[in-house]
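Asker: Below are the structure tokens for one structure; questions will follow.
The values are calculated or read from the model by the stated rules, or taken from the named source; none is laboratory data. Computed from a prediction, not measured in an experiment: that's the story for all the values here. No Cβ is skipped: glycine too gets one built from the backbone with ideal geometry, and neighbour counts run over all protein chains shown.
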Amino acid sequence: MRFDRPRVVIAGLRGGSGKTTLSIGLARALNRWGKRVAVFKKGPDYIDAGWLSKAAGRECYNLDPFLIPDETITKSFLFHSRDAEISLIEGNRGIFDGVNIEGSFSTAELAKRINAPVVLVLDCTKVTRTTAAILKGIESFDPELALAGVILNNIAGQRHESIIRGSIQEYTDLEVIGSIRRIKEEFMPERHLGLLPHAEHPDVESVIKSLSDMVTESVDVNRLIEIAEGAGPLDHEGPIDPYIPQKSRGADVRIGIIRDRAFQFYYPENMRSLLRAGAELVEVDALREPRLPEIDALYIGGGFPETNAIELSKNRGFMKSLKEAVEDGLPVYAECGGLMYLGRSISYKESLFQMCGVLPLDFEIRDRPVAHGYTVVEVERENPYYPAGIQLKGHEFHYSRVIDRPMDDIEFLFKMIRGKGISGRRDGIIYKNVLATYTHLHALGCPEWIDAMIDAARRYRGLRL
């Protein structure tokens with residue numbers, strides 16, 4: 001079957017080249033022009049996806065070829081763009097960067113998988129004619145890649161732009177469809193290796209509007225739409241719904257989701273998968289609510305508990321109720337920031353903040369990443385969540401580490417096949433019905449996670465009835 005889905009991939013030569021700010025501005029500009037725009041993020045990123053969601057006024061879905069099988073990638077794109085007039089897919093890292101020298105799972109490979117044209121964002125800081133050489137290299141490096149245009153970024157002035165445009169026109173076949181002047185760094189503040197999360201930015205709508213104005217003034221949006229509309233059909237046989245039918249196995253279970261300024265990192269596909277399975281999702285604010293509500297399981301995602309540590313540590317009533325629920329057998333699945341929250345304390349900027357104390361662990365925040373990349377874990381033993389012996393693909397990104405704690409008496413669930421986890425060799429701490437891990441999982445690549453959450457909630461509900 002052939003599907004007509006106007007689409008374009010926005011790619012760069014490296015992280016920090018400006019493709020996220022451009023994609024945010026484009027998404028809102030297209031919205032303002034009356035276009036229904038679907039947004040996607042290549043890779044496992046939560047923060048860029050959050051900004052894109054705000055700009056587009058709809059969920060941003062991740063297309064990650066490492067975490068999600070190829071066929072499911074295509075299904076997810078087709079399904080989540082089915083009511084859109086145009087789709088923007090923001091790449092990650094450099095266009096050919098992947099997990100090996102072949103560039104496996106790169107933005108270029110994703111673009112070819114969904115047969116999408118690519119518009120390259122080119123950082124022109126302190127460079128002129130060399131841009132043409134760079135572009136010629138990209139054109140020849142992978143002739144199968146549909147490189148359709150270039151947007152110049154960080155242009156210093158008219159003369160700078162004129163030389164670059166002339167060089168590209170003279171030496172390449174590529175079309176320049178936009179030119180963006182250098183913007184102030186504080187306009188889009190960053191933390192660690194990416195943007196500040198939108199939930200923590202003091203004026204999100206003002207930033208998005210300004211980016212939209214900038215794109216409208218600097219980019220030929222009509223030409224970009226033409227490029228997207230010229231993508232051609234995408235072939236796929238069979239149904240396009242990527243969600244595995246669950247037949248409402250979780251009917252009547254209530255799964256709490258701690259979702260506030262501290263815990264923001266959740267894939268919408270994970271939430272939709274739980275809803276498809278029949279679960280009721282109950283959003284919980286660990287910063288403000290006095291105690292945990294009546295639920296059958298709790299999911300605590302990643303985020304930045306350290307930057308919200310003062311408020312989290314002050315809400316002792318909520319943490320006390322959570323610890324009591326854990327001792328009573330409540331299933332709790334915690335990822336990264338959630339793992340830290342379940343520990344005893346977080347040391348951040350020379351201050352110590354008390355956390356829940358469910359796990360006998362103390363964490364400190366480092367200046368450099370402790371772990372950053374894809375993970376593969378193997379389930380080593382029987383547990384309340386996963387069958388023993390299976391392997392799961394995920395990712396980790398954290399500046400925190402456990403301090404002053406021998407690991408000999410900790411019951412770990414995962415052996416690290418790839419990645420660092422908690423101890424360098426192990427991840428996934430089991431305590432009663434708690435599983436706390438640095439590894440993030442994506443439901444479309446790990447359907448076992450859905451089963452784990454629903455089955456754990458059902459068992460706990462059954463015990464209480």
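Asker: In the stretch 347-395, how many residues are outside any loop (DSSP other than H, G, I, E, B) and out of contact with any Lys or Arg (no Cβ under 6 Å at 6 or more places or on another chain)?
Answerer: Residues meeting the conditions: 19.
Asker: Looking at Asp451, Asp409 in this structure, which one is among the charged types (D, E, K, R), assigned to a loop (DSSP other than H, G, I, E, B) and not assigned by TED's automatic domain parsing to the domain that holds Pro65?
Answerer: None of the others qualify; the one that does is Asp409.
One line per residue, one yes/no per condition, for (1) surrounded by fewer than 22 Cβ atoms within 10 Å (Cβ to Cβ); (2) under 29 Å from Pro6 (Cβ atoms); (3) in contact (Cβ under 8 Å) with a residue 40 or more places away in the chain:
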{"position": "Ser87", "(1), (2), (3)": "no, yes, yes"}
{"position": "Ile95", "(1), (2), (3)": "no, yes, yes"}
{"position": "Ile101", "(1), (2), (3)": "yes, no, no"}
{"position": "Val119", "(1), (2), (3)": "no, yes, yes"}
{"position": "Gln158", "(1), (2), (3)": "yes, no, no"}
{"position": "Thr172", "(1), (2), (3)": "yes, yes, yes"}
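Asker: Conditions: (1) assigned to a strand (DSSP E or B); (2) of a type in the set (A, V, I, L, M); (3) closer than 20 Å to Val376 by Cβ. Val121 meets all but one. Number of the miss?
Answerer: Here Val121 meets the rest and fails (3).
Asker: If we keep just the residues of the stretch 315-346 that are touching a Pro at 6+ places or on another chain (Cβ under 9 Å) and part of a loop (DSSP other than H, G, I, E, B), which is farthest from Ala443 (Cα to Cα)?
Answerer: Residues of the stretch 315-346 touching a Pro at 6+ places or on another chain (Cβ under 9 Å): 315, 317-318, 321, 331, 337-338, 340-341, 343-344, 346.
Imposing the further condition that a residue be part of a loop (DSSP other than H, G, I, E, B) reduces the set to 315, 331, 343-344.
Numbers: Asn315: 31, Pro331: 18, Gly343: 26, Arg344: 29 Å.
Ranking the candidates gives Asn315 first.
Asker: Out of Glu350, Glu380, Glu396, I need the residue that is over 25 Å from Gly329 (Cβ atoms), modelled with pLDDT of 95 or more, out of contact with any helix residue (DSSP H, G or I) (no Cβ under 9 Å at 6 or more places or on another chain) and assigned by TED's automatic domain parsing to the domain that holds Ala286. Which one? Break it down into steps so the answer makes sense when it comes.
Answerer: Working: Glu350 fails: modelled with pLDDT of 95 or more; Glu380 fails: over 25 Å from Gly329 (Cβ atoms).
Only one candidate passes the filter, namely Glu396.
Asker: For the stretch 124-133, what are the residues that are crowded, with 16+ Cβ neighbours inside 10 Å and part of a helix (DSSP H, G or I)?
Answerer: Thr131, Ala132 - these are the residues of the stretch 124-133 that are crowded, with 16+ Cβ neighbours inside 10 Å and part of a helix (DSSP H, G or I).
Asker: Taking the stretch 404-421 on its own, how many of its residues are at pLDDT 95 or above and of a type in the set (A, V, I, L, M)?
Answerer: Of the residues in the stretch 404-421, 3 are at pLDDT 95 or above and of a type in the set (A, V, I, L, M).
Asker: For the stretch 362-399, which positions are closer than 13 Å to Phe412 by Cα and without any contact (Cβ under 8 Å) to a residue 60 or more places away in the chain?
Answerer: Selection gives Glu378, Val379, Glu380, Arg381, Glu382, Asn383, Ala388.
Asker: Can you go through Leu88, Leu120 and tell me which one is over 30 Å from Ser273 (Cα atoms), under 24 Å from the mean Cα position of the chain (by Cα) and not assigned by TED's automatic domain parsing to the domain that holds Glu269?
Answerer: Every option except Leu120 fails the conditions.
Asker: Any idea which residue in the stretch 252-279 is modelled with the lowest pLDDT, counting only those that are aliphatic (A, V, I, L, M) and surrounded by fewer than 21 Cβ atoms within 10 Å (Cβ to Cβ)? Lay out the reasoning, then the answer.
Answerer: In the first step, residues of the stretch 252-279 are kept if they are aliphatic (A, V, I, L, M); the result is 253, 255, 257-258, 262, 271, 274-275, 277, 279.
Restricting the remaining residues to those that are surrounded by fewer than 21 Cβ atoms within 10 Å (Cβ to Cβ) gives 257, 271, 275.
Working: Ile257: 98, Met271: 97, Leu275: 94.
Among those that are aliphatic (A, V, I, L, M) and surrounded by fewer than 21 Cβ atoms within 10 Å (Cβ to Cβ), it is Leu275.
Asker: Inspect the stretch 142-150 for any residue being free of Cβ contacts under 8 Å to residues at least 12 places away in the same chain and either among the aromatic types (Phe, Trp, Tyr) or in a loop (DSSP other than H, G, I, E, B) (or both) and give the result as yes or no.
Answerer: Yes.
Asker: Let me ask something else about it. Search the stretch 423-443 for residues being outside any strand (DSSP E or B) and modelled with pLDDT of 95 or more, and hand back the single one that is farthest from the chain's Cα centre (by Cα).
Answerer: Lys432
Asker: Yes or no: the stretch 180-189 includes at least one residue that is within 22 Å of Asn115 (Cα to Cα), outside any helix (DSSP H, G or I), within 29 Å of the chain's Cα centre (by Cα) and at pLDDT 90 or above.
Answerer: no
Asker: Related question: Restricting to the stretch 437-450, count the residues that are charged (D, E, K, R) and within 13 Å of Ile255 (Cα to Cα).
Answerer: Of the residues in the stretch 437-450, 0 are charged (D, E, K, R) and within 13 Å of Ile255 (Cα to Cα).
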